[in-house]
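Q: My structure is below; once you've seen it, I'll send some questions.
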Amino acid sequence: MAAYLLGIHENLLQMFAPVKYMDIELAYVGSEEGVDVFVGGTGIHGELYRHLFHLGSGSGAAGGNHVIHNLDVSAEPYELRIISNSSSPYHLVIRMYCRSIDGQTLGILSEYQMIKLAD
């Protein structure tokens, strides 16, 4: 099982413009049949969102990638959780696309960059 926990807030990138929206792209790169993935956000007022889906190694409806669009980001910090049920290392590729209120892409965080932010 793999779990990623990251604190999210509008000053995540420490840039001139606050992050207001986020798209999360997950891709399965393992050699097994697939993996179940949970993506959730929890703030001080409770659960903000919850997504549960299956990523497979092939294309199609349960294909190798999934994108969650337009997740709201506020000034109030919350916890982003990405959890999968595979024990294989490096089975997911994760990218977070951080956007401004106008929809302009402010930055793209890879899994490696998320780990650096967590340190």
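Q: Could you give the length gained on full extension between GLU25 and ARG81, defined as 0.36 nm per residue of separation minus the Cα-Cα distance, in nm? Before the final figure, lay out each step's value.
A: Values: separation 56, 0.36 × 56 = 20.16 nm, distance 1.36 nm.
Additional length available on full extension: 18.8 nm.
Q: Once every Cα of the range 1-114 carries one equal point scatterer and solvent is ignored, give the base-10 log of I(q)/I(0) from the Debye formula at q = 0.12, 0.17, 0.19, 0.22 Å⁻¹, two decimals.
A: -0.42, -0.82, -0.99, -1.23
Q: Still on this structure, please answer the following. If you plug each phi of the range 12-26 into the Karplus form 6.51 cos²θ - 1.76 cosθ + 1.60 with θ = phi - 60°, what whole-Hz ³J(HN,Hα) values come out, in order, with x for Gly and Pro?
A: With coefficients 6.51, -1.76 and 1.60, one gets 3, 8, 6, 10, 5, 10, x, 6, 10, 9, 9, 10, 10, 10, 10 Hz.
Q: Something else about it: ³J(HN,Hα) across the range 64-79 via Karplus (A = 6.51, B = -1.76, C = 1.60, θ = phi - 60°), whole Hz, x for Gly/Pro?
A: x, 9, 8, 10, 9, 9, 6, 6, 6, 10, 10, 6, 7, x, 9, 9
Q: What is the set of long-range amide H partners of LEU106 at a cut-off below 5 Å, with H atoms built 1.01 Å from backbone N?
A: CYS98, ARG99, SER100
Q: On the protein heavy atoms, probe 1.4 angstrom, tell me the percent of accessible surface of the chain carried by carbon and sulfur. Could you put the intermediate results ahead of the total?
A: Values: 3550 of 6870 Å².
Within the chain, the accessible surface is 52 percent carbon and sulfur.
Q: Here's something else I'd like to know. If I take R0 = 25 Å and measure r between the Cβ atoms of ILE101 and HIS45 in this structure, what FRET efficiency does the formula 1/(1 + (r/R0)^6) give, to the nearest 0.05?
A: On the way: r = 21 Å, r/R0 = 0.85.
Efficiency for this residue pair is about 0.75.
Q: Report, in deg cm²/dmol and to the nearest 500, the calculated mean residue ellipticity at 222 nm for the chain, where each DSSP H run with n ≥ 4 adds -39500 (n - 2.57) and the sum is divided by the residue count. Could the numbers behind the result be given before it?
A: Working: 1 runs with 8 residues, N = 119.
Only helices count here, giving -2000 deg cm²/dmol.
Q: Across bins of 5 angstrom width beginning at 0, how are the C-alpha pair distances of the range 1-51 distributed, in whole percent?
A: 4, 12, 21, 23, 16, 12, 7, 3, 0
Q: Convex hull volume of the Cα atoms in the range 30-91, per residue, in Å³?
A: Working: hull volume 5.9 nm³, N = 62.
Here the figure is 95 Å³ per residue.
The values are calculated or read from the model by the stated rules, or taken from the named source; none is laboratory data. Computed from a predicted model, the values in this text were never measured in an experiment. Reconstructed Cβ throughout: ideal geometry from the backbone, glycine too, with neighbour counts over all protein chains shown. All accessible areas refer to the heavy atoms of the entire protein, side chains included, with ligands and DNA or RNA removed. Shrake-Rupley method; radii C 1.70, N 1.55, O 1.52, S 1.80 Å.
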